[in-house]
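Read the figures in this text as sums done on the coordinates, not as results from a lab. What you see is a predicted model, and the numbers here were worked out from it, not measured in a lab. Every residue, glycine among them, receives a Cβ derived from its backbone with ideal geometry; neighbour counts consider all protein chains shown.
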Amino acid sequence: MAVGGGSRTGARRAPAPRARRPPRPGRGDRGRSELAARVIVAIPAIAYAIAIIALGDIWFALGILPLAIIAIGELFDLYEEHEPVRLAGFIGVTALILAAFLGENFHVLLTLLAFFAVLFAITLAQRRAGTLGMALTVFGVAWIGVALAHGVLLRELPHGDGIIVDILVGTFIGDSGAYIGGRWFGRRRLAPSVSPNKTVEGLVIGMLTALLATWLAGLYQDWLSGTDALLLGVGVALAAPLGDLFESFVKRDAGAKDSGRLFGAHGGALDRLDAVLFTAVVGYYVWLALL
């Protein structure tokens, strides 16, 4: 009889085979899953954009308005400790968009100037916000409200609906090109202190993709020459990455990764509109010059 309760034969049992762990998803798997998530999030946004662009008139202005209010609300949330004058900001972006629909770019400027008086009156009535709060409110209204007002001005120009489509195609496909190009070929950091994940290679690929996408979109519009589409594409390719970096700087300064959760894991309205806030303005003046 074996001592210590061992087996009678004294032979050791073979160790049970360890269960194999499933392989961890690689960088390419994560990239594909993130890209798929981006596409899923983009589908309802594209449908919404197509609907308001096609309807035009007051429906386009009213369709942009909630985006403006959500975006400036996200900015105020990022810097809540500075006590932005929220009511004045919401009134400001609303007034700018309505001024763009009812008037011209001159009326947008007048509305922006009149906004200072409204801001001051509301600040005094609230008795909370100070100079920093007012400055932040002006910043949000100028950055978001003026930019989206130019989108409304552009829609009112001849063939404005088609130009907006071209700009959006160039902006968002260029953004996807920069994202994929950066993941596949990115080596040199573009601006580590602003956005550590952006690379020089991603920037170049994104700009080329934006230029090509805008030009290709113009091929389906017989009233837009290839040269004009190319010039519009150059404007989009230059403005889009600036808008992206601008918003990244604002978020990093606030110590935030995303501006909000409107689009789930892919951030808020500001995160999706950052480049558009620059390309809409540039696109308006490029097309105005080409008319």
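A few remarks follow.
- Taking 287, 184 and counting other C-beta atoms within 10 Å, the order from fewest to most: 184, 287
- Semi-axis lengths (Å, descending) of the ellipsoid that matches the C-alpha gyration tensor of segment 66-119: 22, 13, 7
- Applying the criteria of a DSSP loop state and at most 15 other Cβ atoms within 10 Å to the chymotrypsin sites (Phe, Trp or Tyr not before Pro) of segment 190-281 yields 220, 223.
- Between the alpha-carbon centres of segment 166-185 and segment 125-145 there is a gap of 33 Å.
- As a proxy for reagent exposure, 188, 183, 155 were ordered by neighbouring Cβ count within 10 angstrom, fewest first; the result is 188, 183, 155.
- Span per principal axis, largest first, for the Cα atoms of segment 137-280 (Å): 46, 39, 23
- Segment 42-156 shape via C-alpha gyration tensor axes, a/c threshold 1.5: oblate
- In this entry, the chain is assigned a mean projected area of 24.0 nm², taken as a quarter of its C-alpha convex hull surface.
- Taking Cβ atoms as reference points and 12 Å as the exclusive limit, the residues near residue 156 contribute a net charge of -2, counting Lys and Arg as +1 and Asp and Glu as -1.
- Considering only alpha-carbon pairs that sit under 8 angstrom and 6 or more positions apart, the relative contact order computed for segment 159-291 is 25 percent.
- Sum of -39500 (n - 2.57) over DSSP H runs of 4+, divided by residues of the chain (222 nm, nearest 500): -24000 deg cm²/dmol
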